[in-house]
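The values are calculated or read from the model by the stated rules, or taken from the named source; none is laboratory data. Keep in mind that what you see is a predicted model, and the values were worked out from it rather than measured. Note: ideal-geometry Cβ built from the backbone for every residue, glycine included; neighbour counts use all protein chains shown. Side chains included, ligands, DNA and RNA excluded: accessible areas come from the protein's heavy atoms. Shrake-Rupley method; radii C 1.70, N 1.55, O 1.52, S 1.80 Å.
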Amino acid sequence: MKYMKQIGLIATISFISELLHFFLPLPIPASVYGMVILFVLLCTGVIKLPQIEALADWLLSVMPIFFIAPSVGLINSFDSIKGQVIPLVVICFVSTVVVTSLTGLI
């Protein structure tokens with residue numbers, strides 16, 4: 001029952017974020033609205049961390065499963081991109097460093 005309440009809470013926040021995305025003419029994804037709403041609710045104490053912690057931990061534990069399909073897709077299309085491997089690795093490295101640095105600064 002604990003997980004059902006947590007799923008309901010996160011689903012409600014997701015639904016509200018989808019509504020905001022639909023009604024506001026801003027180029028912001030609904031998932032960003034949802035993260036901001038959840039962050040504000042956690043910071044203000046409207047939602048306490050134990051109210052969503054178990055589900056969040058479970059979602060983090062299964063997150064690697066979502067990377068399997070893109071990885072298999074890259075392996076299957078390796079012949080198409082093998083001439084571009086060095087530039088792709090450099091782009092991935094540079095973008096990771098930039099995103100990590102900006103996130104740390106912000």
Handout entry: When residues of region 1-31 are limited to those that are in contact (Cβ under 8 Å) with a residue 12 or more places away in the chain and of a type in the set (Val, Ile, Thr), the one least open to solvent (accessible area, probe 1.4 Å)
Key = Ile13
Exercise for the section: Kindly list, by first and then second residue, each pair from a residue in region 56-81 that is closer than 30 Å to Gln6 by Cβ to a residue that is of a type in the set (Val, Ile, Thr) and in a loop (DSSP other than H, G, I, E, B), limited to pairs with Cβ atoms under 8 Å and residues at least 6 apart or on different chains. Expected result: none
